[in-house]
Amino acid sequence: MTTADTKDVAKTVGEVMRIPDKGADIVRITVQGRKEADACFEIKNTLVQKNYNIPLVANIHFAPTVALRVAECFDKIRVNPGNFADRRAQFEKLEYTDDDYKKELEHIEKVFSPLVEKCKQYARAMRIGTNHGSLSDRIMIYYGDSPRGMVESALEFARICRKLDFHNFVFLMKASNPVVMVQAYHLLVAEMYNLGWDYPLQFAVTEAGEGEDGRMKSAIGIGTLLMVGSITSADKNKKDFVISITVTEAEVGSSRTPLVLQGCHRVP
């Protein structure tokens, strides 16, 4: 992941080029607003001119219009169900009727559907990445601050994708607590099995930290998932999965920091 201001095209391009030179095969770039989205076109074009065709992922929060813009040039869009169409939980409303819930789902579909259609048009991929720390009021009131809430938040968006016949997406359940992360993935896989769905999983521990502490925390969460049969079993839920340990460009330049590659794998 780059650390430069995305509006600084030259610096961002330089970071992106150094990352694949060290062996990575995908780069994530934060796109906060319209100016950053506009810069992404120049970033992509400059990289292509320099023969760097590494896939670029746009990290989007709170900005559906920005996601629509950058989907025209980047290869994958990361959306957080907790803050794409909703706000992070404010607890301004403490009770939700079934009708309230239905109306909010209709609002989400209205806001999210244009991005799904844009990704279909440009053959982009999408990451539906729930973050335990940014669940919406609706989810928090109905399901609490829980792994179940994380799963339901992602499924709301996945149902819209499926309704629009878009299937080029992966699920991710991020939590700073590896135990919560593991529980969320177990619930997600169980739900997909019951629904007859088969979508790739991306594994990650959020806010893991830097250096040895971060690597150990990520290894605990990701390693546990890879060991358990309900996630990677060849007999039932054979899944594609993506191992994701975010390494910043600054860390790539450190001789002490081993680069953990991010890629898709089919469990044999």
Subject >> Breaking point among (1) loosely packed, with under 15 Cβ neighbours inside 10 Å; (2) out of contact with any His (no Cβ under 9 Å at 6 or more places or on another chain); (3) at pLDDT below 85, for Asp240 >> reply: (2)
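Yes or no: Tyr185 aromatic (Phe, Trp, Tyr), surrounded by fewer than 19 Cβ atoms within 10 Å (Cβ to Cβ) and farther than 14 Å from Phe84 by Cβ?
Judged against the criteria, Tyr185 is not a match.
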**OP:** Quick one: in the stretch 71-89, of everything that is of a type in the set (Asp, Glu) and modelled with pLDDT of 95 or more, which residue is surrounded by the most Cβ atoms within 10 Å (Cβ to Cβ)?
**Re:** Asp75
**OP:** Among residues belonging to the stretch 40-60 that are in a helix (DSSP H, G or I) and open to solvent by less than 10 Å² (accessible area, probe 1.4 Å), point out the one that is nearest to Thr12 (Cα to Cα).
**Re:** Ile43
Original post:
Checking His167 against (1) of a type outside the set (Lys, Arg); (2) under 14 Å from Asn83 (Cβ atoms); (3) open to solvent by 60 Å² or more (accessible area, probe 1.4 Å); (4) at pLDDT 95 or above, which test does it fail?
Top reply: (2)
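Do we have Lys102 as at pLDDT below 95, over 17 Å from the mean Cα position of the chain (by Cα) and open to solvent by 50 Å² or more (accessible area, probe 1.4 Å) here? Talk me through it step by step, then tell me what you get.
Details: at pLDDT below 95: yes; over 17 Å from the mean Cα position of the chain (by Cα): yes; open to solvent by 50 Å² or more (accessible area, probe 1.4 Å): yes.
For Lys102, the condition - at pLDDT below 95, over 17 Å from the mean Cα position of the chain (by Cα) and open to solvent by 50 Å² or more (accessible area, probe 1.4 Å) - is met.
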Original post:
Can you tell me which residues in the stretch 28-39 are under 23 Å from Gly129 (Cα atoms) and open to solvent by 30 Å² or more (accessible area, probe 1.4 Å)?
Top reply: Arg28, Thr30, Gln32, Arg34
Original post:
Cβ-Cβ below 9 Å, separation at least six or inter-chain, first residue in the stretch 65-87 and over 13 Å from Val116 (Cα atoms) and basic (Lys, Arg), second outside any loop (DSSP other than H, G, I, E, B) and open to solvent by less than 10 Å² (accessible area, probe 1.4 Å): which pairs?
Top reply: Arg87/Ser136
**OP:** Residues being without any contact (Cβ under 8 Å) to a residue 24 or more places away in the chain, within 16 Å of the chain's Cα centre (by Cα) and open to solvent by less than 10 Å² (accessible area, probe 1.4 Å): count how many of those fall in the stretch 138-157.
**Re:** 0
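Taking the options Ile128, Ile160, name whichever one is under 16 Å from the mean Cα position of the chain (by Cα), under 22 Å from Leu195 (Cβ atoms) and either open to solvent by less than 20 Å² (accessible area, probe 1.4 Å) or polar (S, T, N, Q) (or both).
Values: Ile160 fails: under 16 Å from the mean Cα position of the chain (by Cα).
Result of the check over Ile128, Ile160: Ile128.
The values are calculated or read from the model by the stated rules, or taken from the named source; none is laboratory data. Quick caveat: nothing in here was measured; it's all calculated off a predicted structure. Cβ sites come from the backbone with ideal geometry, for glycine too, and all protein chains shown count toward neighbours. The accessibility values were calculated without ligands, DNA or RNA, using every heavy atom of the protein model including side chains. Shrake-Rupley method; radii C 1.70, N 1.55, O 1.52, S 1.80 Å.
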